[in-house]
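Everything below concerns the one structure shown next.
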Amino acid sequence: MSNLRVGTTVTGEVVSVEDNLAYVAVGGKSEGRIYLEHYTSDKDVKNLKEVLKEGAQIKVQVTKNSDGLILLSRLDIEEKEKRDKIIRKIMNHKPFMAQVVSKNKNNEFVLSKDGVRLILPDNYVDLKADFDKDSIIGTEQKVVFVKSEVDERGKTRFVVSRKQVQYNEERKAREEEFSSINTGDVLTGTVERITDFGAFIKFKSVEGLCHISEVSHYRIKNPSEELEIGQSVECKVIKKTDTKLHLSIKALKKTPWEQFLENHKVGDVVECEIIKKSEKFMLCSPERDIVGILNQSDYSWNRDENFAGSVEEGDKINLQITYIDKDKNKMTLSKKHLEYNPWHDVHLHVHEIVSGTVERFTNTGAIIKVGNVEGFLSNKDASDEGKDAQEVLKVGDVINAEVVAVNPQRWLLTLSIRTIEEREKRKYVEKFIEENVSSSSTLEDLFKEEEK
């Protein structure tokens, strides 16, 4: 087959093999010669008998055909096979390492993989918009085949992406991390984003939402009141769905009441801000989101003192804690317990005669100052003649009265003049009867006698 042209590629059968030379039938009675150095560029192959067997079919290229001598080579074929193998590997959509060589006029990065030219477009370089893309020149980068296309010169371009590798790796890492997280886990993450409804917290690759209601035990209008972007926070996974994590920061923190009760007990004095006034009580706050009640009965030992009228919402006052309900987070406060209690000194007894001063009158009687406390003298007890207190007394009068009822714990002191007057009359009558009355005298006769 002497008409075989140089450069022609044919498939022939190996006729015989020597250490450095093989004869290949390339058509008819024609045989070509192929030497070891033209069979492969692999330096590890030292003998053709290692790689060729008689009868094997091989593809060869004619490099010379003259004077009855046909020389063959597989070097270009081998190179093409290697290139095709590399291209097939490149195009299997698995990540591989490639050298970033330069940048072309289209602002694309030119890469090389075992001699195969690759193109990395600018928008395929990195997931981060602010990444310094030129920094990859001269380095090896992991990329993945995206597509092949024909350029304006008719040559095939192999387009790769570094960004897609990052995305795939992040997605895989995210899936693995997500599957390892369970409800109840306590994790440490970084605040990635803040919205009106909550904060997004990122761990390694996974992101979860901490709703505004789970950010703090305190009342807040926006998570930014408690958090800032980039802040490291510890949180608890309170719910996990197929794709989302619901987180809580406050679940790992003590409530305002728990913190308050760690440092305060009944009897402590606290400075409170008046946050609400009503007819019968005030709501007072010693600390943020801690509220206690100051009942009207705890304003003052003087029940007539109008303390609510002397303060405004926003004012601060010192109060004493008198009761705490830990289960219901309730607390009562007192102003009067910080003041002198005059009733502590009251040691009076029923029927005891006391001296007092008329302070003022009411519709039903008179207020009598006895020592440092006030007692009440009703109209019916002001006189045995049925007259009201204002008819027989005036402000400033010093009187003697009998204790009818007394209870210092309830600030109660009830007085009577009538009982004294009636007792005096009874004593007089008994004495008069004993000295002057005959057995036939009537009570009417006795009083007539007294009137004379």
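Here, each number is a calculation from the coordinates, and none is a lab measurement. Values in this document were obtained by computation on a predicted structure and should not be read as measured data. Virtual Cβ from ideal backbone geometry, glycine too; neighbours counted across all protein chains shown.
Give me the count of lysine pairs in segment 91-167 whose alpha carbons sit under 19 angstrom apart, restricted to pairs 8 or more positions apart or on different chains.
Final tally of qualifying lysine pairs is 22.
Can you give the net charge of the other residues whose Cβ lies under 14 Å from the Cβ of Val125, counting K and R as +1 and D and E as -1?
0
Find which of Ile58, Leu72, Phe96 sits farthest along the positive direction of the dipole of the chain, computed with +1 on the beta-carbon of Lys and Arg, -1 on that of Asp and Glu, about the Cα centre.
After comparing all options, I get Leu72.
Please sort 397-407, 309-319 by packing, taking for each peptide the average over its residues of neighbouring beta carbons within 10 angstrom, highest first.
Highest-to-lowest ranking by the protection proxy: 397-407, 309-319.
Whole angstrom only: what separates the Cα centroid of segment 77-105 from the Cα centroid of segment 225-255?
46
Nearest 20 debye, what's the magnitude of the dipole of segment 67-187 about its Cα centre given +1 on Lys and Arg Cβ and -1 on Asp and Glu Cβ?
340
How high is the FRET efficiency from Tyr35 to Arg5, r the C-beta distance, R0 30 Å, rounded to 0.05?
0.90
For the chain, which cysteines have no disulfide-compatible partner, meaning no other cysteine Cβ under 4.7 Å?
Here Cys210, Cys235 come out as lacking a disulfide-compatible partner, given the Cβ-Cβ threshold of under 4.7 Å.
Taking only Cα atoms, what is the 0 to 90° angle, nearest 10, from helix 418-436's long axis to the longest principal axis of the chain?
30
Given the peptides 11-23, 346-358, arrange them by the average over their residues of other C-beta atoms within 10 Å, most packed first.
11-23, 346-358
How large is the helix-only mean residue ellipticity at 222 nm for the chain, computed as the sum of -39500 (n - 2.57) over DSSP H runs with n ≥ 4, divided by its residue count, in deg cm²/dmol to the nearest 500?
My calculation for the chain gives -5000 deg cm²/dmol from helical runs alone.
Compute, for segment 260-338, the length of the dipole vector about the Cα centre, with Cβ point charges of +1 (Lys, Arg) and -1 (Asp, Glu) only. Units Debye, rounded to 20.
220
With an 8 Å cut-off on Cα pairs and a minimum separation of 6 or more residues, tell me the relative contact order of the chain in percent.
Once divided by the residue count of the chain, the mean separation gives 6 percent.
What FRET efficiency comes out for the pair His347/Gln390, r = Cβ-Cβ distance, R0 = 25 Å, nearest 0.05?
So, using R0 = 25 Å, E works out to roughly 0.25.
How about Lys49: which lysines have a C-alpha closer than 25 Å to its C-alpha, ignoring those fewer than 8 places off in the same chain?
Lys29, Lys59, Lys64, Lys80, Lys82, Lys85
Setting aside same-chain residues fewer than 8 positions from Lys236, which aspartates and glutamates have a Cα under 17 Å from its Cα?
Those aspartates and glutamates meeting the cut-off are Glu177, Asp185, Glu192, Glu207, Glu214, Glu226.
Go through (1) 131; (2) 277; (3) 215 and flag the label whose value is the computed volume of the Cα convex hull per residue in Å³ for this structure.
Recomputing volume of the Cα convex hull per residue in Å³ here gives the entry labelled (2).
Students often forget the sequence filter, so: which aspartates and glutamates lie under 12 Å Cα-Cα from Lys276 once same-chain residues fewer than 8 apart are removed?
Those aspartates and glutamates meeting the cut-off are Glu312, Glu313, Asp315.
What whole-number distance in Å separates the alpha-carbon centres of segment 273-347 and segment 118-162?
After rounding, the separation between the Cα centres reads 74 Å.
Let me check I've understood the local charge: for Leu227, count other residues with C-beta under 14 angstrom from its C-beta, Lys and Arg +1, Asp and Glu -1. What total comes out?
Charge balance in the 14 Å sphere: -2.
Please get the size of the charge dipole for the chain, origin at its Cα centre, with Cβ charges of +1 on Lys and Arg and -1 on Asp and Glu, quoted in debye to the nearest 20.
4260
If you take all C-alpha pairs in segment 1-152, what percent of them are over 28 Å apart?
That fraction is 43 percent.
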